[in-house]
């Protein structure tokens, strides 16, 4: 039998005594309602599990989708292969028709490949002309300059739009002995008409982009249209100067234009001029869609200006290079009128 000394005697204590520890379980602790030490509260919060701590199992959904897509592609390929083999094995008109269509497909594929290769070669030729012209200008080599102008005359001999310019160049070419002056004559007589047409192409493309993107209801449509219009502009400019690239050539030309813009800092210059042009009161007068249209048109114009500099077989000697401000006013007027 326990004595009275074994029993716990009643005691009085202060509830604010720091020596007293709470007997509440840890499960009842709410870190968001903690009113004590802030560091302790943050430590408790960091210990709480989140979504990233939850161990994920095997992704059966991703496996199902991947396997279904692979199986669909395999089925389409097998179906096409069986269809071709069975059709070609027939000895009637259906088999001969299938054989003719396959031959046409092969011929078209070969011609497309050859056209792409020729387009890439023509782009490389424009770059070679530019390097030779810069070398002739630096060395003032008359022999080198005449050889280059002869190659240009040969490249443009079938261009009916340059017949008058070619005739004027031949008329005055024999009177010049200095290499730099020969290239100046070629720049003035041969490149100036092409530059005027190139500026017209850039202005039309920039206007179309500004109007369509200002009226387009969806942003994805804006992106698609701007991409298609810029590819068409690059191909048009390259063809104007003698490049005429295909799809792969246009993509390569786009990469060259982007590198040129990055190297020359032309995009920052466009932003400065665009900010000065639309600064102050004009931005407040434009709606959001109209402002986006003007910006997209200005970006297209800057890409066109860089493409002219990349595609031009001669550097700008006497002719003035196109500037962004030459197109900015027209873009803004067209967009405002639309």
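The values are calculated or read from the model by the stated rules, or taken from the named source; none is laboratory data. These numbers were taken from a predicted model, which means no experiment stands behind them. Heads up, the Cβs are rebuilt from the backbone with ideal geometry, glycines too, and the neighbour counts pull from every protein chain shown.
Computed values, structure above
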| quantity | calculated |
| --- | --- |
| Out of 186, 218, 200, 155, sole residue that is in contact with a helix residue (DSSP H, G or I) (Cβ under 6 Å, 6 or more places away or on another chain) and assigned by TED's automatic domain parsing to the domain that holds residue 324 | 186 |
| Subset of the stretch 118-156 [without any contact (Cβ under 8 Å) to a residue 60 or more places away in the chain and not in a helix (DSSP H, G or I)] | 140, 141 |
| Meets criteria (touching a residue at least 24 places away in the same chain (Cβ under 8 Å) and either part of a loop (DSSP other than H, G, I, E, B) or farther than 14 Å from residue 317 by Cβ (or both)) for residue 170 | no |
| Verdict on residue 302 being in the same structural domain as residue 212 (by TED's automatic domain parsing), modelled with pLDDT of 85 or more and surrounded by 13 or more Cβ atoms within 10 Å (Cβ to Cβ) | yes |
| Single match in 135, 144 (criterion: within 33 Å of the chain's Cα centre (by Cα) and over 29 Å from residue 247 (Cα atoms)) | 135 |
| Residue match in the stretch 248-263 (condition: at pLDDT below 50 and either out of contact with any helix residue (DSSP H, G or I) (no Cβ under 7 Å at 6 or more places or on another chain) or not in a helix (DSSP H, G or I) (or both)) | no |
| Positions within the stretch 99-117 being touching a residue at least 12 places away in the same chain (Cβ under 8 Å) and under 15 Å from residue 248 (Cα atoms), in sequence order | 112, 115, 116 |
| Verdict on residue 294 being buried (at least 19 other Cβ atoms within 10 Å of the Cβ), modelled with pLDDT under 80 and over 29 Å from residue 162 (Cα atoms) | yes |
| Per-region count, the stretch 71-125, residues more than 28 Å from the chain's Cα centre (by Cα) and surrounded by 13 or more Cβ atoms within 10 Å (Cβ to Cβ) | 9 |
| Residues satisfying the stated conditions in the stretch 212-221, i.e. assigned to a helix (DSSP H, G or I) and surrounded by fewer than 20 Cβ atoms within 10 Å (Cβ to Cβ) | 212, 215, 219, 220, 221 |
